[in-house]
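**Q** Got a structure for you, questions after.
The values are calculated or read from the model by the stated rules, or taken from the named source; none is laboratory data. All values derive from a computational prediction rather than experimental measurement. All Cβ positions, glycine included, derive from the backbone under ideal geometry; neighbour counts span all protein chains shown. Just the protein is used for accessible areas: all its heavy atoms, side chains included, with ligands, DNA and RNA removed. Shrake-Rupley method; radii C 1.70, N 1.55, O 1.52, S 1.80 Å.
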Amino acid sequence: HDNILIISSVVDSGSGSNRLNNNRSMFQIQGETFDKRLASVADLISQKKNIVVLCGAGISVSCGIPDFRSKDNGLYNNLNYQELGLTCAEDLFDLNAFSEDPRPFWKFVRTNNFASGKIAPSTSHLFLAWLDEQQMLLRIYTQNIDGLEQSAGVDEDKIVYAHGSFKGATCMKCKAKYQSSELRLMSKQEVPVCHRRIAKKGKISDNTAKTNSIEIPPERRSSRKRSSNNNSMAEEFYPPPVEQGCCGGIIKPNITFFGEKLESTISRRLEEDYKKADALIVMGTSLSVAPMSKLVGFLPDNVPRILINRDIVQVMKSSTQNYKKQDEFCLFDACLLGNCDAVTQAIKAKMSNRDAKSEYEHYHSGRLVTDNNNGTWLKNQPRESVLLFEGALLSAATKEEATLPAQNVVVHCDHCENEIKDQIFCCKICFDFDLCSLCYPKVKLTHADGKHEFTIEST
């Protein structure tokens with residue numbers, strides 16, 4: 001279900017949505033030297049009181065948690081999926097694969113201490129907590145499931161876990177809820193199962209028989225075959241037996257797998273924050289997973305956008321963005337390229353009016369983009385908006401064949417909640433409000449009193 005969203009046509013006409021476009025006035029970085037341009041960006045951030053942050057796996061790499069897609073250390077490129085009994089690395093976070101056999105996922109969780117609560121936050125996480133202390137942070141939309149933003153000290157109410165977290169779990173059968181402390185103990189088992197007593201008339205399910213923890217329609221059941229390597233996970237999965245009268249359902253952490261719809265609270269929070277946000281910082285993400293990648297284009301045009309990442313990234317074309325071609329559009333007002341910890345350490349020092357050179361041990365490696373260090377500059381991102389720190393890459397800005405990242409997305413109808421497999425009717429005003437072709441004719445009349453425009457996208 002890895003679908004590419006393609007714009008096909010506009011459904012309704014009207015006033016148009018206030019979304020990112022070619023002609024927005026961008027913040028201009030001032031200064032001729034690296035130090036002055038860094039100070040210019042720090043001054044911009046210091047003036048803001050309602051900063052929205054979109055962060056990804058790149059801010060947790062220094063904690064020992066791999067990102068997903070980098071070529072050298074990314075999870076998908078380094079996971080021994082055959083040893084886990086999977087057909088491909090992406091199956092690790094696939095809902096159908098988990099429902100058929102949760103053992104590979106839970107083995108991965110135990111091996112990497114995801115549910116242990118013992119992983120310490122990074123310098124980047126602490127920078128976010130510092131922004132919160134300074135009363136500059138409106139919201140963090142994190143694509144990470146490690147919960148380290150809260151561990152660093154960020155107010156829980158200011159964190160939106162776009163893909164869920166390990167701070168809780170749910171039984172896929174009886175829907176019983178488990179806290180993080182319970183999950184830590186349960187994650188030590190090969191497959192955690194629900195031991196809650198069920199007050200239910202009739203026959204209690206027999207866990208000695210093969211059964212899925214949830215019913216999956218035949219058309220959505222995974223067609224992938226288990227790896228035929230010589231390990232126990234190549235065998236059929238049978239849920240562990242439980243005491244009679246207990247549920248016995250499979251426990252799933254409260255994270256969003258591929259094939260699941262995002263929580264509706266995410267869209268509501270974004271729409272609440274739309275009018276308040278005065279800056280956007282994008283940190284440690286490839287912007288390759290929808291719908292959160294659309295956040296960059298969702299906020300108003302006058303909100304400055306700052307990228308803290310190893311490489312330049314651009315969001316995929318979407319119906320909510322009116323630019324014509326990728327190379328005609330400048331996405332970020334400032335690109336601070338390098339390891340997230342290195343960048344945030346230097347930015348914090350500048351914002352605190354301290355000597356960044358003395359506090360940031362790798363400060364001397366900071367540099368500007370010149371003809372000597374980048375070769376042919378192919379992207380439209382102005383060179384003067386780019387600062388290079390330790391760990392910076394320029395592959396996306398200099399490769400002639402560089403392309404926008406493919407987005408992994410499964411789209412569900414916000415009315416009937418079924419997966420959309422043909423035309424997707426997308427609201428141009430709301431964040432991630434999609435309808436299927438069956439629901440669209442009726443729902444468009446009642447959604448926002450019929451005042452919102454829709455576009456058609458195809459899978």
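**Q** For residues that are among the polar types (S, T, N, Q) and out of contact with any Ser or Thr (no Cβ under 7 Å at 6 or more places or on another chain), tally how many sit in segment 424-459.
**A** Total satisfying the criteria: 3.
**Q** Which residues, taken from segment 179-204, are surrounded by 15 or more Cβ atoms within 10 Å (Cβ to Cβ) and either β-branched (V, I, T) or at pLDDT below 75 (or both)?
**A** Correct list: V191, V193, I198.
**Q** When the residues of segment 10-50 are filtered to those that are open to solvent by less than 30 Å² (accessible area, probe 1.4 Å), within 20 Å of Y274 (Cα to Cα) and assigned to a loop (DSSP other than H, G, I, E, B), which remaining residue is modelled with the highest pLDDT?
**A** R24
**Q** Scan segment 259-292 residue by residue and report those that are at pLDDT below 85 and among the polar types (S, T, N, Q).
**A** S264, T265, S288, listed by residue number.
**Q** Right, here's the next one. Restricting attention to segment 253-282, report how many residues are more than 18 Å from the chain's Cα centre (by Cα) and open to solvent by 20 Å² or more (accessible area, probe 1.4 Å).
**A** Number of matching residues: 5.
**Q** Name the single residue, out of those in segment 410-458 being of a type in the set (K, R) and not in a loop (DSSP other than H, G, I, E, B), that is least open to solvent (accessible area, probe 1.4 Å).
**A** Result: K444.
**Q** If you take the residues in segment 313-357 that are among the small types (G, A, S) and at pLDDT 55 or above, which one is farthest from S395 (Cα to Cα)?
**A** Among them, the one singled out is S352.
**Q** Say whether the condition of being on the phi > 0 side of the Ramachandran plot and free of Cβ contacts under 8 Å to residues at least 24 places away in the same chain is met by at least one residue in segment 118-129.
**A** Checked against the condition, which is being on the phi > 0 side of the Ramachandran plot and free of Cβ contacts under 8 Å to residues at least 24 places away in the same chain, segment 118-129 yields no hits at all.
**Q** Of the residues that sit in segment 389-398 and are open to solvent by less than 30 Å² (accessible area, probe 1.4 Å) and at pLDDT below 85, which one is farthest from G297 (Cα to Cα)?
**A** Filtering segment 389-398 for residues that are open to solvent by less than 30 Å² (accessible area, probe 1.4 Å) and at pLDDT below 85, the one farthest from G297 (Cα to Cα) comes out as L394.
**Q** Run down V369, V386 and say which single residue is at pLDDT 80 or above, among the aliphatic types (A, V, I, L, M) and crowded, with 21+ Cβ neighbours inside 10 Å.
**A** The unique qualifying residue is V386.
**Q** Moving on. Kindly establish whether E401 is within 30 Å of N339 (Cα to Cα) and either modelled with pLDDT of 90 or more or open to solvent by 40 Å² or more (accessible area, probe 1.4 Å) (or both).
**A** Considered against the rule, which asks whether it is within 30 Å of N339 (Cα to Cα) and either modelled with pLDDT of 90 or more or open to solvent by 40 Å² or more (accessible area, probe 1.4 Å) (or both), E401 comes out as yes.
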